[in-house]
Each structure stands twice: as structure tokens, then as C-alpha cells.
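Heads up: the structure comes next, in C-alpha cells.
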Amino acid sequence: MALEYRRLGFDPDLVDYAEAFELQKHLHDEVMDNPSRSTVLLLEHADVYTAGKRTEEHERPRDGTPVVDVDRGGKITWHGRGQLIGYPILHLKHRTLIKAYVCALEDVIMKVLKEDYGIDSTRVEGRIGVWILGDPAAGVPDRKIAAIGVRNHRGVTTHGFALNCSNEQAPFENIIPCGIDDAETTSITRETGRTVTPSDAVDRVEQELRSVLPRLVKDSSDQDSTVQAPVGDDVVLTACSTSIPKEGVLP
């Protein structure tokens with residue numbers, strides 16, 4: 001299936017989070033009615049903290065910086081200049097493909113990091129996202145280089161991934177990102193020693209997304225094979241945790 005890819009803005013044309021969030025909700029409704037409208041948004045945000053449903057008060061910014069509360073699961077994180085954001089609004093062939101979808105996003109990012117920047121990255125058990133392993137014996141913690149936070153409502157995904165390209169680390173030091181206090185964040189620029197911006201990385205990330213996402217997305221030939229979740233049956237996956245309502249199904 002051919003997906004639409006839209007680039008909303010990159011530095012210096014940073015995208016306001018509220019505007020992108022409203023666009024996601026609008027596209028979600030369109031894709032619910034017409035799977036062929038599945039769309040991937042690629043962008044760079046103006047600086048913002050967003051808090052998922054499980055965010056605790058002590059995890060919010062220490063200096064009182066405003067936070068946008070959103071409908072994903074998980075906890076608080078930061079988006080801003082230097083971070084490549086992807087919001088795939090996809091009608092999955094079946095809602096139980098959510099794990100495969102999250103794995104596909106991780107695989108895309110790990111492949112680009114290795115092939116284009118020589119960065120070895122991996123998954124860490126129990127922590128969704130892409131990580132660079134530390135050395136516990138030397139007191140060097142794991143470092144998160146990409147976060148993934150996905151909401152799957154009635155088979156249509158919103159939110160997505162954030163790949164740290166050239167962003168500063170200071171905004172993460174003002175919070176407990178994703179509620180994880182025994183790890184650090186990093187970026188492509190920090191790991192390679194050369195500046196790599198979201199604009200530098202977006203072409204390759206989009207190329208890899210184009211190669212893996214279509215097999216997960218419903219098209220007109222899948223009408224009889226897709227079983228929709230009942231109203232209110234949400235499955236939420238975030239960079240911080242997996243949260244499944246009691247009536248939810250996840251393989």
C-alpha cells in the first residue's frame with residue numbers, strides 16, 4: 001500500500017506541538033473511515049514537554065515549565081529543536097499488529113543509526129525505544145537515543161517516534177524522562193562528534209519507513225480480514241511502559 005508522507009516543518013520552521021496534535025486527531029478520524037488516507041507526518045517541534053497518563057507530579061519540570069498533557073500512555077518527555085519526530089497515522093491490518101508496528105519503528109531507527117552513522121544500538125528489555133548500552137562495571141549507564149510512544153485506538157495509530165539528532169540534553173535534565181532515573185539520553189551528534197540535524201536524517205528514515213510500514217497497513221483488499229476492536233478498547237504503548245486495559249488484547 002502506498003502511504004502518504006508529509007513533512008510539516010524543520011528548523012527554522014519549527015512545528016507547534018498543539019497544531020501537530022490537532023492534525024493527528026483530524027487524520028485519525030479520516031483514516032478510520034478510509035484506510036487509504038494513512039499518512040506519516042515528519043517534523044521538528046518547537047520545544048515542549050508532554051505528559052502521558054501515568055505522569056506523576058514529581059516527574060514534571062523542576063522549574064515549573066508548562067507541560068502539555070496528552071492522550072498517550074506512559075510518562076513525561078521532551079520534544080524540540082534537533083529532534084526528528086515521526087507521527088505515523090496508520091490503519092493497521094489488525095489491532096494485534098501493534099507490537100510488530102513498534103518493533104518496525106525500532107528496526108528502522110537502528111538500521112539508519114548503524115548504516116549511516118556507525119552507531120550500534122539495541123532494544124532494552126522492558127523499555128520500548130532505541131538504546132545504546134552502557135558499561136555497568138565502569139558506572140556508565142545506558143543511553144536512550146530514540147523514544148517511541150504510540151496510541152492505537154480502534155486499529156488506527158497516533159503519536160510515534162522521536163529520534164535525537166542534534167538536540168541539547170539539558171531539557172531532559174529538568175525532568176525524569178519517561179520516569180526512568182537510572183539511564184541517560186544521547187543523540188547522533190553526541191555519539192559521532194559531528195553535527196547531524198533532523199533535516200540531515202529525515203531522507204534515510206523516510207526511505208526505511210517506506211520499505212517496512214506498508215505490509216502492516218490495511219488497504220481495500222483487507223476489508224474482510226480485519227477485525228475491528230470494539231469502541232473503547234484502546235491499546236497504548238509508550239517509550240516508558242506498556243499499558244493495556246483489562247479488555248485489551250495484545251499478543
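How large, in percent, is the carbon and sulfur part of the accessible surface of region 134-188 at a probe radius of 1.4 Å? Mind dumping the intermediate values first?
Working: 850 of 1860 Å².
C and S fraction of accessible area: 46 percent.
Using only the heavy atoms of the protein chains and a 1.4 Å probe, how would E125, E4 rank by accessible area, largest first? Show your work: numbers first, answer last.
On the way: E125 180, E4 80 Å².
If we order E125, E4 from most to least accessible, we get E125, E4.
For V217, what residues show an amide H to amide H distance below 5 Å, using hydrogens built from the backbone and excluding near sequence neighbours?
Result for V217 returns K93.
In Å², what does the accessible area per residue of the chain work out to with a 1.4 Å probe?
Counting only protein heavy atoms, the per-residue value for the chain is 44 Å².
Need the full-extension length gain, D203 to E19, defined as separation in residues times 0.36 nm minus the C-alpha distance. One decimal, nm.
So the chain would gain 63.9 nm between D203 and E19.
Place a +1 charge on the Cβ of each Lys and Arg in the chain and a -1 charge on the Cβ of each Asp and Glu, then give the dipole magnitude about the Cα centre in debye, rounded to the nearest 20.
Charge dipole, the chain, about its Cα centre: 560 debye, nearest 20.
Tally up the carbon and sulfur contribution to the accessible surface of region 20-59 as a whole percent, 1.4 Å probe, everything protein left in place.
Roughly 45 percent, rounded to a whole number.
Apply the Karplus parameterisation 6.51 cos²θ - 1.76 cosθ + 1.60, with θ equal to phi minus 60°, to every residue of region 103-119 and state each ³J(HN,Hα) to the nearest whole Hz, in sequence, with x for glycine and proline.
4, 5, 4, 4, 4, 4, 5, 4, 5, 5, 4, 6, 6, 9, 10, x, 9
Simple spin-label model, 7 Å along Cα-to-Cβ: R7 to D135 in nm?
Using points 7 Å along Cα→Cβ, the separation is 3.9 nm.
Go ahead and estimate [θ] at 222 nm for the chain from helices alone: -39,500 (n - 2.57) per DSSP H run with n ≥ 4, summed, over the residue count, rounded to 500.
Computed ellipticity for the chain at 222 nm equals -7500 deg cm²/dmol.
Rounded, prolate or oblate for region 20-154? Axes are the square roots of the Cα gyration tensor eigenvalues, ordered a ≥ b ≥ c, and the cut-off for rounded is a/c under 1.5.
Because a/c hits 1.5 or more and a/b fails to exceed b/c, region 20-154 counts as oblate.
Note down the nm distance, to one decimal, between modelled labels 7 Å out along Cα→Cβ at E57 and at Q169.
So the two model labels end up 3.1 nm from each other.
Is there a pair in K111/K218; K111/K144; K25/K53 whose C-alpha atoms are over 19 Å apart, and which pairs would that be?
K111/K218
The values are calculated or read from the model by the stated rules, or taken from the named source; none is laboratory data. Remember, it's a predicted structure, so these values are computed and weren't measured experimentally. Cβ coordinates were reconstructed from backbone atoms using ideal geometry, including for glycine residues, and neighbour counts include every protein chain displayed. Accessible surface is based on the protein model in full, side chains and every heavy atom, while ligands, DNA and RNA are left aside. Shrake-Rupley method; radii C 1.70, N 1.55, O 1.52, S 1.80 Å.
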